Amino acid sequence: MVRAYNDLDHIAPVIWKMASAGSDVAYVLTAGEFPGDYRINLLRKVGARRVRSATIEAYDRRLRKKIRPNALRSLVDWIFTLSFGCIFLKRHAIGCVAVEWGGAIGRGRASFFLRAARLMNLPTLSIPHGYHTWLNNDFNEVSRDTGRLPQFPDRNRYTRYVVQSENIKRYCMESAIRKDKMAVLGSARFCKEWSDLNRSLCIDANKKTIYRNTQNLVVLFFLNHWNYNVNRERCLNLLNAIAKEKEVTLVIKGHTRGKESGGLSLSEEKSLDRFGNVLYPDDQVHSPYLVDQSDVVIVYGSSICFEALRQGKTVIWPRFVCSNRTIFNQGEIVTHAEDEYEVIRIIRAAVNGVRPVPAQKNLESFFRIHVEGGKNQSSVLRQYAETITSYLR
């Protein structure tokens, strides 16, 4: 089941792998549509079936929010689950339900199918819809204010809760998810098999958008959630300092979860526009393509850093923008900067052809730990496919 853009980004590789191998895979969009999305087109091409319940969709869109009080709405939800959710799973011969990370009943229309699956004693799996890069527990406003990680004991109702690394497993255990419920399978989104394919698909999808059409150095700057201990003022100061560099084209990519939580305001964009060398790609221009078009990537929290490393780019990690400690602080795989002046120094060196990249042995070790589930020479996507199929009756 796929709800939002990030879910599609991390779950599509698993659907693709299984459908390509001949498995009968059906997927449900539980909230939004993705018209023309290159991943949806790929899933269709390899034979994955999109299935839908018109009745549940109509109820969710037109009637559900109008029902009051909440207790009555919950009752009607259960009626629709029993009447249409169970029938839906039987009609499409569903033997196992996989959904994004989340609570026991999921989000969007996933609740109708997850509840139905449990009533029918079908296995349910929760698989990643993002990647947790942090090492410290107080990584955002919520955990900083409460002094503890959010607690998710209801997620133990899943048959299996999949995570990508031992670090993320540790977070989940401290969030009250049982150790025996979890499986460390690596990152479907950032494993080499999918990363290479995804990059080529993005290049084909975005080839009409060219950023490397000048002699300037292309610097790609990825924003992250502002409430993840980010110093917004220092981030904006850094953006302004980079934009002042006349031999640079600055491409700023907001966070995929929304402009408000991870983007610039109109006034902030207007302030940068005065330099005449700043670009703001829209959501249709995907991050792997932007990385391909860049010379230097600046990131301070996002897992998109994996993509930049996969593509062999120089990555600058400005520690002063975000106080969180991350997995990228380890292993000598990115170029750290302690202030704006150091970032500019690294960029100017890159203009002159000096572009540091990590040693291959460091990179291989890092990916083995954080992307391949700690295993040598493992196929991450095969592990996902085998784990899911092992629950089919």
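Read the figures in this text as sums done on the coordinates, not as results from a lab. None of these values were measured; they are calculated from a predicted model. Cβ placement follows ideal geometry from the backbone for every residue including glycine, while neighbour counts extend to all protein chains displayed.
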Practice task
Starting from the Cα of L75, step 7 Å along the direction of its Cβ; do the same at N362; then give the gap between the two resulting points in nm.
Solution key: 6.4
Handout entry: Using alpha-carbon coordinates, inclination of helix 110-119 to the longest axis of the chain, degrees
Key = 40
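Ratio of region 1-89's C-alpha Rg to 2.2 N^0.38 Å, to two decimals? Mind showing how you got there, number by number?
Values: Rg = 15.4 Å, N = 89, 2.2 N^0.38 = 12.1 Å.
Ratio of Rg to 2.2 N^0.38 Å for region 1-89: 1.27.
Order the peptides 107-118, 174-185, 153-164 from the highest to the lowest mean number of other Cβ atoms within 10 Å of their residues. Can you show the working numbers first?
On the way: 107-118: 22.8, 174-185: 15.8, 153-164: 19.8.
In decreasing order of mean packing, 107-118, 174-185, 153-164 become 107-118, 153-164, 174-185.
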Exercise for the section: On a C-alpha basis, how far is the centre of region 62-94 from the centre of region 256-331 in Å? Whole number, if you could? Expected result: 41
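Counting other Cβ atoms within 10 Å, keep those with at most 16, restrict to DSSP loop, and tell me which GluC sites (Glu not before Pro) in region 286-393 are left. Numbers along the way, then the final one.
Details: sites: E307, E332, E338, E340, E342, E364, E372, E386; in loops: E332, E338, E372.
Counting only loop positions with at most 16 other Cβ atoms within 10 Å, the GluC sites (Glu not before Pro) in region 286-393 are E332, E338.
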Problem - All lysines inside 16 Å of K65 as judged from Cα atoms, apart from same-chain residues fewer than 8 positions distant - result: none
Practice task
Grab the beta carbon distance between K246 and K207, set R0 = 35 Å, and tell me the FRET efficiency rounded to 0.05.
Solution key: 0.80
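Count the DSSP beta bridges whose two residues both fall in the chain, then state the antiparallel fraction as a percent rounded to the nearest 5. Provide the component values of the computation, followed by the final result.
Working: 2 of 31 bridges.
That works out to approximately 5 percent antiparallel.
By how many nm would the segment from R62 to T159 grow when fully extended, if each residue of separation counts as 0.36 nm and the alpha-carbon distance is taken off? Could you put the intermediate results ahead of the total?
Working: separation 97, 0.36 × 97 = 34.92 nm, distance 3.23 nm.
Taking 0.36 nm per residue and subtracting the Cα distance, the gain is 31.7 nm.
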Completion exercise
H92 neighbourhood, Cβ < 14 Å, K/R = +1, D/E = -1, net charge +4
Exercise for the section: For N352 paired with S23, estimate the spin-label separation in nm (one decimal), with each label point 7 Å from Cα along the Cα-to-Cβ line. Expected result: 5.3
Handout entry: Pair-distance profile P(r), taking every C-alpha pair of region 78-222, with 5 angstrom steps and integer %
Key = 2, 8, 13, 15, 14, 13, 12, 10, 7, 3, 2, 1, 0
Exercise for the section: Give, to the nearest whole percent, the P(r) tail of region 213-357 beyond 26 angstrom, counting all Cα pairs. Expected result: 14
Fill in the blank from the handout: For the chain, the longest principal axis of the Cα atoms and the Cα long axis of helix 340-351 enclose an angle in degrees, to the nearest 10, of 80
Exercise for the section: Measure nothing but the geometry: give the 0 to 90° angle between the long axis through the Cα atoms of 380-389 and the longest principal axis through the Cα atoms of the chain, rounded to 10°. Expected result: 10
Fill in the blank from the handout: Taking every other residue with Cβ under 11 Å from the Cβ of G374 and scoring Lys and Arg +1, Asp and Glu -1, one gets +1
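Return the subset of K208/K270; K208/K253; K45/K375 for which the Cα-Cα distance in this structure is over 21 Å, preserving the input order. List each step's numbers first, then the result.
Values: K208/K270 26 Å; K208/K253 18 Å; K45/K375 31 Å.
In this structure, K208/K270; K45/K375 lie more than 21 Å apart at Cα.
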Completion exercise
Two pseudo-spin positions, 7 Å from Cα along C-beta at T389 and at N231, lie apart in nanometres by 5.2
Practice task
As a check on your grasp of the helix formula, calculate [θ] at 222 nm for the chain: sum -39500 (n - 2.57) over DSSP H runs of n ≥ 4, divide by the residue count, round to the nearest 500.
Solution key: -11500 deg cm²/dmol
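Sort largest first and round to whole Å: the equivalent ellipsoid semi-axes of the chain, each the square root of five times a Cα gyration tensor eigenvalue.
Numbers: eigenvalues 288, 101, 93 Å².
Working from the Cα gyration tensor, I get semi-axes of 38, 22, 22 Å.
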Problem - Positive-pole candidate from I94, V351, F366, dipole of the chain, charges at beta carbon - result: I94
Exercise for the section: Express as a percent, rounded to the nearest 5, the fraction of DSSP beta bridges in region 215-337 (both residues included) that run antiparallel. Expected result: 5
